[in-house]
1. Residue A:113 fails exactly one of the following numbered conditions: (1) open to solvent by 40 Å² or more (accessible area, probe 1.4 Å); (2) closer than 30 Å to residue B:273 by Cβ; (3) out of contact with any Phe, Trp or Tyr (no Cβ under 7 Å at 6 or more places or on another chain); (4) not in a loop (DSSP other than H, G, I, E, B). What is the number of that condition?
2. Can you name every residue in region B:60-73 that is more than 15 Å from residue B:155 (Cα to Cα), open to solvent by less than 20 Å² (accessible area, probe 1.4 Å) and touching a helix residue (DSSP H, G or I) at 6+ places or on another chain (Cβ under 6 Å)?
3. For a quick check of your reading of the model, give me the residue pairs whose first member lies in region A:95-121 and is at the interface with chain B (Cβ under 9 Å from one of its Cβ atoms), whose second is of a type in the set (Phe, Trp, Tyr), with beta-carbon atoms closer than 7 Å and at least 6 apart or on different chains.
4. Among the residues of region A:64-116, which ones are under 30 Å from residue B:19 (Cα atoms), β-branched (Val, Ile, Thr) and either in contact with a helix residue (DSSP H, G or I) (Cβ under 7 Å, 6 or more places away or on another chain) or not assigned by TED's automatic domain parsing to the domain that holds residue A:278 (or both)?
5. If only one of A:179, A:164, A:144 is within 21 Å of residue B:238 (Cβ to Cβ), touching a residue at least 24 places away in the same chain (Cβ under 8 Å) and surrounded by fewer than 21 Cβ atoms within 10 Å (Cβ to Cβ), which one is it?
6. Looking at this structure, is residue A:171 in contact with a helix residue (DSSP H, G or I) (Cβ under 7 Å, 6 or more places away or on another chain), part of a helix (DSSP H, G or I) and open to solvent by less than 10 Å² (accessible area, probe 1.4 Å)?
7. Going by what's in this entry, would residue B:76 be described as crowded, with 19+ Cβ neighbours inside 10 Å, touching a Pro at 6+ places or on another chain (Cβ under 8 Å), under 21 Å from residue B:221 (Cα atoms) and not hydroxyl-bearing (Ser, Thr, Tyr)?
Amino acid sequence: MSTAVLQSERAQVLDMRANIRRRQWVDLAFGVAGLLALLFALLTLLALIIDLAMTGVPRLSWEFFTNFPSRFPERAGILSAWVGSFAIMITTACCAIPLGIAAGVYLEEYASKNWLTGLIELNIINLAGIPSITFGLMALGLFVYQFQLGQSILTAGLTLGLLVLPIIIVTTREAIRTVPNSIREAAYALGASRWQMVWDHLLPYSSGGILTGVIISLSRAIGETAPLITVGALTFIAFLPHPPVMAEFPFLSFQWLKDPFTVMPIQMFNWVSRPQPEFHVNAAATGVILLVMTLVMNGIAIWIRYRFRQRLKW
Amino acid sequence: MKERFIEAILFLAATSSVFVTFGIVWILVKESIPFFAHVPLGEFLTGTEWTPLFENARFGILPLLCGTLLSTAIALSVAIPLGTVAAAFLSEYTKPWLREILKPILELLAAVPTVVYGYFALLFVTPLLQKIHPDLGGFNVLSAGLVMGMMIVPYVSSLSEDAMRSVPGHLKEGSFALGASRFQTIFRVVIPTAFSGMTSAYILAISRALGETMVVSIAAGMQPNLTANPLEPAATITAFIVQVSMGDLPHGSIGYQSIYVAGLTLLFLTLCFNVLGLWLRQKYQEKE
């Protein structure tokens with residue numbers, strides 16, 4: 001009798017042990033699955049970089065940067081494309097950075113909780129989900145035809161500026177939020193007005209966070225293609241925009257803002273869409289430049305974020 | 001006085017984002033209205049041919065809609081499982097220092113320009129798939145969808161991981177104390193608690209996939225095709241807009257209006273999924 005009880009207890013213990021072991025196996029298996037998922041993602045990234053570099057890097061040369069696009073693949077270059085990308089980047093930065101930081105400061109420091117603020121916040125979240133190509137359609141209808149800005153660098157810069165605006169607003173708010181209240185109260189106690197407090201204290205202390213947002217948004221803008229195609233970027237441009245400096249008074253010229261443009265991603269799209277493999281090599285070389293630029297910019301942003309988190313202990 | 005002035009300027013800056021949304025909706029609707037004077041809404045919604053630039057133009061949105069939904073579905077079937085598992089792994093299995101390294105690297109996947117992904121899909125993934133399935137054409141929805149899926153993995157994993165990590169520690173510890181394994185804790189405690197945050201991650205990923213343009217324009221071909229077969233080429237709404245924009249298009253022509261109608265449809269589709277996400281989240285929060 002008692003041996004039967006003992007035996008059934010023993011069986012229960014064994015059962016439980018088996019159960020525990022099984023669950024440990026499941027735990028382990030899930031861990032391995034997670035690791036594999038991560039590895040697969042990283043491998044894809046690596047495959048993309050290596051594939052592009054193997055095809056594109058041998059094509060990179062000084063002439064590639066100083067030649068205009070051409071019908072002959074070996075003579076084609078990206079001069080007009082990188083100049084266009086650069087000019088548009090400057091326009092985008094001038095439009096999005098002040099606007100984004102100002103909006104972030106208002107929402108974080110000035111706004112009272114009411115329906116309007118709620119609406120603005122909801123809207124910023126939703127803007128992130130709106131397809132970028134609809135920004136291009138909006139720009140085509142509004143900037144190009146309504147405001148008569150033409151299919152110009154200015155239009156493109158404004159379009160990308162509005163597109164990346166939410167990124168700058170959100171990172172500005174996050175950066176400002178990490179500044180502790182004691183700093184604000186200290187500034188007020190010394191008689192600072194609200195704007196003095198923001199300008200002399202909040203903005204300098206949150207500059208690291210804001211800078212990461214700015215860099216990320218510019219790296220996004222530099223790779224953005226779809227809205228610019230919609231706005232009317234040309235794919236074959238064999239001239240440069242007007243120079244920004246002149247020999248005679250007033251020395252600075254903004255004529256380039258009204259010039260037609262092409263950018264590196266569009267040049268790459270044009271080349272990759274052609275059937276000849278020689279043009280694909282050109283596309284890969286342009287891709288290498290784009291990839292290096294975006295990865296370096298993102299790397300800098302990550303580094304700044306990391307540094308600020310390490311150094312700033314309130 | 002100066003303070004008031006500054007506050008007013010900052011306020012204007014903050015409202016600018018609302019004007020952007022308003023501008024997008026207004027322009028899309030305004031330019032689409034004349035289109036529906038030409039094409040009855042019923043024909044637009046049920047027509048199975050989309051040839052706006054042909055002599056005998058047909059305006060049925062279904063082929064484009066089909067291409068968009070098909071590529072999105074493929075992308076999501078890659079991104080959601082991969083992203084969720086990666087998120088659970090990062091949040092529950094890895095040490096904090098390792099997570100600090102892995103997460104930014106994973107996020108680089110979302111930083112790569114989409115046109116580069118298009119190149120990758122057309123000239124790397126498609127030839128790879130052709131080795132497995134030799135009949136596969138040079139343009140197909142499958143490779144575009146797969147690459148798009150990899151591209152949006154970070155959107156899923158990053159936000160999901162944030163949501164999982166914000167699950168209070170005492171809930172997890174309670175689960176462990178009752179003898180649950182890590183796997184059980186993840187599926188019975190962490191994911192249900194973080195579900196609301198994970199829904200926003202999924203919705204953002206869906207929005208990204210629906211609106212993705214360059215990958216599908218380059219790798220999926222540009223012929224509108226009413227098919228559910230991922231091995232065939234097809235055009236999405238976004239690819240159509242690109243195709244038309246590449247050409248010279250007179251302002252006010254029916255072709256010009258058709259890209260706005262396509263854009264409006266896309267926006268409406270995105271909106272539907274966002275509302276669905278909101279509804280799911282509210283429904284779930286009520287149950288708690």
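1. Failed condition: (4).
2. Step one: list which residues in region B:60-73 are more than 15 Å from residue B:155 (Cα to Cα), which gives B:60-71, B:73.
From what's left, open to solvent by less than 20 Å² (accessible area, probe 1.4 Å): B:60-61, B:63-64, B:67-68, B:71.
Correct list: B:61, B:64, B:68, B:71.
3. So the pair list comes out as A:106/B:11.
4. Applying the first criterion (under 30 Å from residue B:19 (Cα atoms)) to region A:64-116 yields A:84-116.
Retained after the next criterion (residues that are β-branched (Val, Ile, Thr)): A:88, A:90-92, A:97, A:101, A:105.
Of everything in region A:64-116, those that are under 30 Å from residue B:19 (Cα atoms), β-branched (Val, Ile, Thr) and either in contact with a helix residue (DSSP H, G or I) (Cβ under 7 Å, 6 or more places away or on another chain) or not assigned by TED's automatic domain parsing to the domain that holds residue A:278 (or both) turn out to be A:88, A:91, A:92, A:97, A:101, A:105.
5. Values: A:179 fails: within 21 Å of residue B:238 (Cβ to Cβ); A:164 fails: surrounded by fewer than 21 Cβ atoms within 10 Å (Cβ to Cβ).
Being within 21 Å of residue B:238 (Cβ to Cβ), touching a residue at least 24 places away in the same chain (Cβ under 8 Å) and surrounded by fewer than 21 Cβ atoms within 10 Å (Cβ to Cβ) holds for just one of A:179, A:164, A:144, which is A:144.
6. Working: in contact with a helix residue (DSSP H, G or I) (Cβ under 7 Å, 6 or more places away or on another chain): yes; part of a helix (DSSP H, G or I): yes; open to solvent by less than 10 Å² (accessible area, probe 1.4 Å): no.
Against the criterion (in contact with a helix residue (DSSP H, G or I) (Cβ under 7 Å, 6 or more places away or on another chain), part of a helix (DSSP H, G or I) and open to solvent by less than 10 Å² (accessible area, probe 1.4 Å)), residue A:171 does not qualify.
7. Here the answer is no, as residue B:76 does not meet what is asked.
Rundown of residues vs (1) among the hydrophobic types (A, V, I, L, M, F, W, C); (2) touching a Leu at 6+ places or on another chain (Cβ under 9 Å); (3) within 14 Å of chain B (Cβ to nearest Cβ), yes/no style:
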| site | (1), (2), (3) |
| --- | --- |
| A:178 | no, yes, no |
| A:188 | no, no, yes |
| A:193 | no, no, yes |
| A:202 | yes, no, yes |
| A:211 | yes, no, no |
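The values are calculated or read from the model by the stated rules, or taken from the named source; none is laboratory data. As the structure is a computational prediction, the values presented were derived from the model and not from experiment. So basically every Cβ, Gly included, is an ideal-geometry build from the backbone, and we count neighbours across all protein chains shown. When the accessible area is computed, the model is the full protein with side chains, heavy atoms only, and any ligands, DNA or RNA have been set aside. Shrake-Rupley method; radii C 1.70, N 1.55, O 1.52, S 1.80 Å.
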